[in-house]
Amino acid sequence: MNYSHVFFDLDRTLWDFEKNTEETLRELYEKHFLSLYFPSFFDFHRQYKEINEKQWDLYRQGKITKDFLRANRFYLTLKAAGVDDLSLADTIGTEYINNTPEKTALYPHSHEILAALKPKYQLYILTNGFREVQHAKVERCRLSPYFTEVITSEDAGFMKPDQRFFSYVLNKLNVAPEKCIMIGDDINVDIAGAQHAGIDTIFYNHSRDTYTIKPTYEITSLDQIGSIL
């Protein structure tokens, strides 16, 4: 296929979300003496991840706002340990948002594959993450030179996998779906969403799991993109 535009997800596709967020959470755990409330960092981390995923589901459904999500996920985490402290939760939430984008761990071959693709395609990041956070990550990781633009769900007014998100992108760039390909790690959000919009896909399958949704291509390492594009 003769593609002209290549779309990348950011978190868990280029930016190592698990490694970077765990590092930030560990720093906050120690700074705010959360060992007073949790048996271990593992318990705090596990509790937070479970609550954060549920809060993000509500945010994707439009049931809570961005600002509410930011503080409430930490408030609920602390409350699960018997700590009812909205001020502390708000402080941790703010520091998490400020500190996480400073982390720069990327998946192997990120820079190499982007450098190889840049001369041949127009590259874009399509992300559901918060606008200011995602832009900061891209800048801090020195990814900006590769990409024409970072397009967020806040820009579009809709979140992946909503087809209206992809319609917004295609209309904004004035490009036909068959000229585009989407690269992402989430089979339901990145891959199914793009496919419903008529866009080919490359599924970055970290876990090597089997899914009923069939992407156009599948990889387990970013350097494998070179054999496709």
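The values are calculated or read from the model by the stated rules, or taken from the named source; none is laboratory data. Keep in mind the model is a prediction, meaning the values are calculated, not measured. Here the Cβ is made from the backbone with ideal geometry for all residues, glycine too, and neighbour counts use every protein chain on show.
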*Looking at (1) modelled with pLDDT of 95 or more; (2) closer than 17 Å to Gln61 by Cα; (3) among the hydrophobic types (A, V, I, L, M, F, W, C), find the lone condition where Val169 falls short.*
(2)
*Collect the residues in region 208-227 that are of a type in the set (Gly, Ala, Ser) and either under 17 Å from Asp9 (Cα atoms) or in contact (Cβ under 8 Å) with a residue 60 or more places away in the chain (or both), keeping them in residue-number order.*
Ser221, Gly226
_Just the residues that are in a helix (DSSP H, G or I), of a type outside the set (Lys, Arg) and loosely packed, with under 13 Cβ neighbours inside 10 Å, please, taken from region 19-49._
Glu30, Leu36, Phe42
*Working only within region 4-18, note down all residues that are in a helix (DSSP H, G or I) and acidic (Asp, Glu).*
Glu18
*Which of the residues belonging to region 128-155 are crowded, with 16+ Cβ neighbours inside 10 Å and of a type in the set (Ser, Thr, Tyr)?*
Tyr146, Thr152, Ser153
_Can you report the number of residues in region 175-207 which are out of contact with any Leu (no Cβ under 8 Å at 6 or more places or on another chain), under 20 Å from Lys120 (Cα atoms) and free of Cβ contacts under 8 Å to residues at least 24 places away in the same chain?_
1
*Can you name the residue in region 76-106 that is without any contact (Cβ under 8 Å) to a residue 12 or more places away in the chain and part of a loop (DSSP other than H, G, I, E, B) and is also farthest from Glu27 (Cα to Cα) among such residues?*
Asp84
*Which number in (1) in contact with a Phe, Trp or Tyr (Cβ under 8 Å, 6 or more places away or on another chain); (2) outside any strand (DSSP E or B); (3) not aromatic (Phe, Trp, Tyr) marks the one condition that Glu139 misses?*
(1)
*Can you tell me which of Met182, Met159 is surrounded by 18 or more Cβ atoms within 10 Å (Cβ to Cβ) and in a loop (DSSP other than H, G, I, E, B)?*
Met159
*Test: residue in region 64-75 that is under 26 Å from Phe147 (Cα atoms), part of a helix (DSSP H, G or I), in contact with a helix residue (DSSP H, G or I) (Cβ under 9 Å, 6 or more places away or on another chain) and among the hydroxyl-bearing types (Ser, Thr, Tyr)*: no
_Restricting to region 185-229, name every residue that is polar (S, T, N, Q), closer than 19 Å to Ser4 by Cβ and not in a helix (DSSP H, G or I)._
Thr201, Thr216
*Is one or more of the residues making up region 111-127 buried (at least 17 other Cβ atoms within 10 Å of the Cβ), under 22 Å from Arg70 (Cα atoms) and not basic (Lys, Arg)?*
yes
*Can you tell me how many residues in region 115-139 are touching a helix residue (DSSP H, G or I) at 6+ places or on another chain (Cβ under 6 Å) and without any contact (Cβ under 8 Å) to a residue 60 or more places away in the chain?*
4
